[in-house]
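Let me begin by presenting the structure, written as structure tokens, before commenting on it.
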Amino acid sequence: TVYLSRYACYLIVQNSDPTKVVVAKGQTYFAIQTRRQENTENLIEDNKRVFLREEMKKHNINLTKTAKSAGVQNYAIFQNAGYKGLYGGLTSQDIHSKKGLKKSQQILDHMNSEELAANLFRATQTEAKIKREDIKGEGNANIAHFDVGQKVRNTIRNIGGTMPEDLPEVDGVGKAKTRIKKDEKKKLNN
């Protein structure tokens, strides 16, 4: 009797004659398992994206209130300051164009979980900095937002991460929600 690891079985089956029934069944088994694993990983990413996107909505509301109390009147300029820091000088319009989005589409809806997490960190830390340091004035708030975005970018660089503007493009978060719902229905029907 010989005991083989799962990986050894995989290698043997993939490199054997598929005209033999046992080999064909083995190849089918591993193809199905690989597809299941891919679907599971995709659903995990979808769930992370949906969660982080909802968190961004909440924290952007809080950041808006904090910025307003600091004296920010032009929120678009304030928001762009944070994006410029995090995205190496790119504005929200630049990011929108780079992602090839339609005018009606929001950039946050087309970010993967890694990019959303970086933006969530930028937003929460900017809000905390403005409050902690009691920053007043639109110009000072814009500078603070840029600086926090730049520090998040530098951290990503220092740990060998991918810069946000270089992360892969993804479909809208609405499609991720649809895939999650389909999977939940499928689980209920099984």
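Please verify whether residue 101 is open to solvent by 20 Å² or more (accessible area, probe 1.4 Å) and at pLDDT below 95, treating the condition exactly as stated.
When the stated conditions are applied, residue 101 passes them.
Which of the residues belonging to segment 1-12 are open to solvent by less than 80 Å² (accessible area, probe 1.4 Å) and among the aliphatic types (A, V, I, L, M)?
8, 11
Determine which single condition residue 112 fails, assuming it passes every other condition in (1) touching a Leu at 6+ places or on another chain (Cβ under 9 Å); (2) loosely packed, with under 13 Cβ neighbours inside 10 Å.
Among (1) touching a Leu at 6+ places or on another chain (Cβ under 9 Å); (2) loosely packed, with under 13 Cβ neighbours inside 10 Å, residue 112 violates only (2).
Looking at residue 24 and the list (1) free of Cβ contacts under 8 Å to residues at least 12 places away in the same chain; (2) open to solvent by less than 70 Å² (accessible area, probe 1.4 Å); (3) under 30 Å from residue 116 (Cβ atoms); (4) among the hydrophobic types (A, V, I, L, M, F, W, C), which single condition is not satisfied?
Going through (1) free of Cβ contacts under 8 Å to residues at least 12 places away in the same chain; (2) open to solvent by less than 70 Å² (accessible area, probe 1.4 Å); (3) under 30 Å from residue 116 (Cβ atoms); (4) among the hydrophobic types (A, V, I, L, M, F, W, C) one by one, residue 24 breaks only (3).
Looking only at segment 95-142, which residues are more than 22 Å from residue 52 (Cβ to Cβ) and touching a Phe, Trp or Tyr at 6+ places or on another chain (Cβ under 9 Å)?
Result: 138, 141, 142.
Within segment 136-145, is there a residue that is within 21 Å of residue 91 (Cβ to Cβ), open to solvent by 40 Å² or more (accessible area, probe 1.4 Å) and small (Gly, Ala, Ser)?
Within segment 136-145, one or more residues are within 21 Å of residue 91 (Cβ to Cβ), open to solvent by 40 Å² or more (accessible area, probe 1.4 Å) and small (Gly, Ala, Ser).
Check every one of the helices (runs of 4 or more DSSP H) wholly within segment 95-190 and list those with 3 or more residues that are in contact with a Ser or Thr (Cβ under 9 Å, 6 or more places away or on another chain) and closer than 23 Å to residue 61 by Cβ.
Qualifying helices (runs of 4 or more DSSP H): 113-132, 138-158.
Quick grid of which residues meet (1) over 23 Å from residue 69 (Cβ atoms); (2) out of contact with any helix residue (DSSP H, G or I) (no Cβ under 7 Å at 6 or more places or on another chain):
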{"residue": "135", "(1), (2)": "no, no"}
{"residue": "160", "(1), (2)": "yes, yes"}
{"residue": "169", "(1), (2)": "yes, no"}
{"residue": "179", "(1), (2)": "yes, no"}
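Please determine, by comparing only the residues of segment 80-94 that are touching a residue at least 24 places away in the same chain (Cβ under 8 Å) and either of a type outside the set (Lys, Arg) or assigned to a loop (DSSP other than H, G, I, E, B) (or both), which one is surrounded by the fewest Cβ atoms within 10 Å (Cβ to Cβ).
88
Given the criterion touching a residue at least 40 places away in the same chain (Cβ under 8 Å) and surrounded by fewer than 16 Cβ atoms within 10 Å (Cβ to Cβ), identify the matching residue among 74, 15.
When all the criteria are applied, what remains is 74.
Residue check: is residue 106 in contact (Cβ under 8 Å) with a residue 24 or more places away in the chain and open to solvent by 60 Å² or more (accessible area, probe 1.4 Å)?
No: the conditions fail for residue 106.
The values are calculated or read from the model by the stated rules, or taken from the named source; none is laboratory data. This one's a predicted model, so the numbers in the text were calculated from it and none came from an experiment. For neighbour counting, all protein chains shown are included, and Cβ atoms are generated from backbone atoms with ideal geometry for every residue, glycine included. Ligands, DNA and RNA are excluded from the accessible area calculation, which covers all protein heavy atoms including side chains. Shrake-Rupley method; radii C 1.70, N 1.55, O 1.52, S 1.80 Å.
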